[in-house]
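Laboratory data are not the source of any read-out in this text; all were calculated from the coordinates shown. All values derive from a computational prediction rather than experimental measurement. Here the Cβ is made from the backbone with ideal geometry for all residues, glycine too, and neighbour counts use every protein chain on show.
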Amino acid sequence: MQIIDRYSYCNRLRTVDPAQKAGLAILTLALCLVLDRPAVGLLAVLWMWALACWRAGLPAPLFGRLLLAEGFFLLLAAFGVALTIGNVAPVASLWRAAVGPWWLSFSRASVESSVALATRALGCTAALNFLALTTPLTDLTDLLRRMRVPSLLVELMTLIYRFVFTLLESLIRIRSAQECRLGYSGFRRGTASAAILAGHLFWDAYLRGKRMQVALDSRGYSGELRLLPLTYRGDSELIWLGAGLCATLLLARVLV
């Protein structure tokens, strides 16, 4: 998460209106869901990868590692969709095996469904990765305020996101101290150290939240965090690229 947050502030699309980037990501996500073809999902991945690397100036291996990590979980889900378990031997299947009283099999329909699910989800994931890597949280919260999202939800999202990093920092510091004292040298000792770590994190989160509430109250907090307005620039090239993306995905749906 720290790498994603760092690159979201250091890319060539940082000053572009977040409404344009969010609109492009939502458009890609909607097309992947509606068109529902493996070629559309794969083409969306290529588009998002190219935009993140060429237009935003992000390292290509970074985007690839994110997709690889997320694709591993998608692969597990697709495998579960493709695998059929029953107590009757399947008549038509690409592969089947008997495990006790049960039959495990892969049919052509289940494999096609799993491939369509995996590619569609991967295209949607690539679109969200593009948005996360090019748009920091401050821009997203500003966009949500412009969209008249209730301020309570926006502020909760901001505080939770901030607490993730502070608790992660505490986690790394406490675990390093435990490892220096051989806290994970065995299974029993490691389990006890993990329990101590969880307890310290809970107490740390409670104290941080209490201190933050006191700090907000002392500054006249009335239920809304007021921030300075942000200024952005429009990017006409991004609009044309979005139109090209939409046209190529529709063409892939027709031809494949």
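Treating only the Cβ of Lys, Arg, Asp and Glu as charged (+1, +1, -1, -1), what charge dipole size does the range 24-167 show about its Cα centre? Round to the nearest 20 debye.
On the way: 10 positive and 6 negative charges, 17 e Å.
Charge dipole of the range 24-167: 80 debye, to the nearest 20.
Of 129, 11, 87, which has the largest mean-square fluctuation in a 10 Å C-alpha GNM of the chain? Evaluated over the chain, the most mobile residue of the options is 87. Test of understanding: extend the Cα→C-beta vector of residue 210 to 7 Å, then name every residue of the range 159-173 with backbone N under 11 Å from that spot. Counting only backbone N, you get no residues.
In terms of the mean number of neighbouring beta-carbon atoms within 10 Å, the peptides 212-222, 105-115 order highest first as 105-115, 212-222. For the range 193-200, the Karplus equation 6.51 cos²θ - 1.76 cosθ + 1.60, evaluated at θ = phi - 60°, returns couplings of 5, 5, 5, 5, 4, 5, x, 5 Hz by residue, with Gly and Pro reported as x.
Compare the peptides 37-45, 199-207 by average per-residue count of other Cβ atoms within 10 angstrom and give them in order, highest first.
37-45, 199-207
Lys/Arg Cβ at +1, Asp/Glu Cβ at -1, dipole of the chain taken about the Cα centre: which of 85, 180, 212 is farthest positive-ward? Value computed over the given set: 180. In the chain, with Lys and Arg counted as +1 and Asp and Glu as -1 at Cβ, which of these residues, 76, 152, 193, has the Cα nearest the positive end of the dipole, that is, farthest along it? The Cα lying farthest towards the positive end belongs to 193.
Would you compute, from DSSP H runs of 4+ residues alone, the mean residue ellipticity of the chain at 222 nm, taking -39500 (n - 2.57) per run and dividing by the full residue count, rounded to the nearest 500? Show your work: numbers first, answer last.
Details: 9 runs with 181 residues, N = 256.
Result for the chain, helices only: -24500 deg cm²/dmol.
With N denoting the number of residues in the range 1-69, provide Rg(C-alpha) divided by 2.2 N^0.38 Å, to two decimal places. Intermediate results must be reported in sequence, preceding the final value.
On the way: Rg = 12.7 Å, N = 69, 2.2 N^0.38 = 11.0 Å.
Cα Rg divided by the expected 2.2 N^0.38 Å: 1.16.
Averaging the sequence gap over all C-alpha pairs within less than 8 Å and six or more residues apart, then dividing by the number of residues, gives the chain a relative contact order of 31 percent.
Computed about its Cα centre, the charge dipole of the chain is approximately 440 debye, with only Lys, Arg, Asp and Glu carrying charge at their Cβ. The distance separating the Cα centre of the range 135-150 from that of the range 90-123 comes to 42 Å. Cα-based values for the range 143-218, radius of gyration first and Dmax second, are 17.1, 53 Å.
Around the amide H of residue 103, modelled in the peptide plane, lie the amide H atoms of 86, 87, 88, all under 5 Å away and 5 or more residues distant in sequence or on another chain.
Were the residues from residue 34 through residue 168 laid out at 0.36 nm apart, the gain over their Cα-Cα distance would be 44.5 nm.
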